[in-house]
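Right, one structure below, let's go through it.
Computed from the coordinates by the stated procedures, all read-outs in this text should not be read as laboratory data. Being a predicted model, the structure only gives us computed values, none of them experimental. Every residue, glycine among them, receives a Cβ derived from its backbone with ideal geometry; neighbour counts consider all protein chains shown.
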Amino acid sequence: MSYTHFWKPFWSYHIQSTEHWVGEMSKKGYTLTHFQPKLSRFTFSEEASPHETFAISFDRSKQHPLPKALEADGWEVVNKKRKWAVYGNTKQKDEVKTSIVRDNLESRNSKISMFWWAYFLYMIFSISLQASLLIPLYLSNDSFTVTRVESPMWILTYFMAAVQMGVTIIGIYSLIALKKESRRLSEEVTQSQLLEDSTDKPVTLSGERRTKFKVGWMYAPDKIETWLEEKEQSGWHLIHVNKGGVKFQFERSDKNLYAYSVLFEGRADRNAHAFHSEAGWERVYVSGSSWQQWSIWRQAYSEEMEKPEINDDLESKQRAAMSVAKIYTLMFSPIIVLFGFNFFSFMLPNALEQGYFSLSGIERFNTTIFPLAMSVFLISILRAWAYYFRVRS
C-alpha cells in the first residue's frame, strides 16, 4: 500500500479549511492514517474512506471522550495524536445533527494570541525605550560625535536581525489568522445576536436618533450600566454600539425599564453567552477581542418585577472586578514608567534649565504631551481600582 504525505503549515489556524481538505482527500480515495500536529504533517493511504464529514478537535486532557449523543449521530475517532483528534462521520454534512465541541480549541488559540501580543508589546516597549534615550540626545543643542564600530560578529548580527524579522512576520500573520479563525468558529455555532429585537417587551421607535460617545467606560462598567438604564427611562432606546465600543446610538422610544449588565471575560466564552440568552438576556455589544472580551447585555422588566441581575454572585463579581483592575494596571504601568523616565530624566530638567518657551517646537510638544499621557493612563488605573472597591464594599 502506498502512502502520500502532505505538509500544511499553520493548519490549526484554519480548522474548517483543514476539515474540508481532509474530506476532499476522502472523496478522491485517500484515507487519513497518521498525522503529526506539531510538524504539520498529514499522511494518507490510497484506500477508500467510509467517512463523508470530518471534524478536528483539541483536548488538553488527551482523552478525547466522545459523548453518546455524538456516537449515536455517527461520529467516531479517525485518528488522534496527543491533544489533537480527527473525527469522522459517515453522513453528509447537512445530515449531521451534532457537532464537535471547540471550547478547548478556542482557549488554545486565545493563549497563542496572548503570547504574540506580549511579544509585540515587548518589542514596542524596547523600541520606545531606545527612542526615549536617543531622541533627547538628538534634540539637544550640545554637540556630540557618533562613532560607528564594525561588529566582529557581523554575520551573527545580520542573521539574528533576519530571524527577528521572520518571527515578527509570523506573529503578524498568526494574529490576523487567529482573529479570522475566532470569527469563523463563532459563526459555526451561532449567528450574531447583536441588537436583535427584544422578545420580553416590544419597543416602539420614533425614528428620532441621537449619538453619544463614551470613552473609557471599561474602567467603570457599573457606571455605564447606570447611564444606559437612565437613558431607557428617559425615552432613549439603545439600538447600536460601534465595534470600538465608544459610539452609542439611541432612538427615541417609549420610556422603558431595562436592566443593563456589562461583563468582562478573560476570553471569549460562547457557552456563557448562550446561557445568558436562554435566561432572557439580550446581547447588545461584544468586543472583537477573544482574549479580553467585553459584552453588554440587557433585559426588560416591569415595575411589578424585581430588577433582574445577570450575575447575583458577589464573589464572582469581585473576582471579575479584580481582573479588570489587574489587567489595566499591568497594561498601563510600563507605559507610565517609560514616559515618566523620559519626562523626568530629560524633558523636565531641560525645560527648567532653558525655560519652556526657549525650547524648540517638538521639545515643547513632548514636554506638554508626556505628562498629559501619564495622567490619562494613571487615571484609568485608578478608575479601575475604584470600580473594584465599589464592588467589594
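The table below gives the values:
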item: Cβ-based exposure ranking for Phe42, Phe10, in which fewest neighbours within 10 Å come first; result: Phe10, Phe42
item: Relative contact order (%) - criterion: Cα under 8 Å, at least six apart; region: the range 317-392; result: 58 percent
item: C-alpha center-to-center spacing [the range 363-393, the range 1-52] in angstrom; result: 52 Å
item: Percentage relative contact order, the chain, counting C-alpha pairs under 8 Å, at least six apart; result: 11 percent
item: All aspartates and glutamates inside 19 Å of Lys62 as judged from Cα atoms, apart from same-chain residues fewer than 8 positions distant; result: Glu71, Glu76, Asp103, Glu106
item: Binned Cα-Cα distances of the range 317-392, short to long, each 5 Å bin given as a whole percent; result: 3, 16, 20, 16, 13, 10, 9, 6, 5, 2, 0
item: Long pairs among Lys231/Lys255; Lys83/Lys326; Lys243/Lys326; Lys179/Lys212; Lys255/Lys307, criterion Cα-Cα beyond 20 Å; result: Lys83/Lys326; Lys243/Lys326; Lys179/Lys212
item: Three-way shape label, the range 205-311, alpha-carbon gyration tensor, a/c 1.5; result: oblate
item: Sequence of Met153, Met25, Met123 once ranked by neighbouring C-beta atoms within 10 Å, starting from the fewest; result: Met153, Met123, Met25
item: Three-way shape call for the range 7-105 based on the alpha-carbon gyration tensor, with the a/c threshold at 1.5; result: oblate
item: Per-peptide average of other Cβ atoms within 10 Å, ordering 47-53, 64-70 highest first; result: 47-53, 64-70
item: Protection proxy ranking, peptides 217-230, 238-251, 301-314, average beta carbon neighbours within 10 Å, highest first; result: 217-230, 238-251, 301-314
item: Gln92 paired with Arg319, simple spin-label distance in nm, labels 7 Å along Cα-to-beta-carbon; result: 4.6 nm
item: Contact order normalised by residue count of the range 205-311, Cα under 8 Å, 6+ apart, percent; result: 26 percent
item: Potential extension, Lys326-Arg390 segment - 0.36 nm per residue separation minus Cα distance; result: 21.5 nm
item: Approximate spin-label separation Ser128-Lys247, in nm, with each point projected 7 Å along Cα-to-Cβ; result: 2.7 nm
item: Fluctuation leader among Phe115, Phe357, Phe54 - the chain, Gaussian network, Cα springs under 10 angstrom; result: Phe357
item: Shape call, the range 316-358: gyration tensor on alpha carbons, a/c limit 1.5; result: prolate
item: Computed Rg/Rh of the chain, alpha carbon atoms with Kirkwood Rh; result: 1.06
item: Mean residue ellipticity (222 nm) of the chain, computed from DSSP H runs ≥ 4 via -39,500 (n - 2.57), nearest 500; result: -16000 deg cm²/dmol
item: DSSP H segments from the chain that extend 24 Å or more along their own axis, Cα-based, with Kyte-Doolittle mean of 0.5 or above; result: 103-139, 154-189, 314-342, 361-392
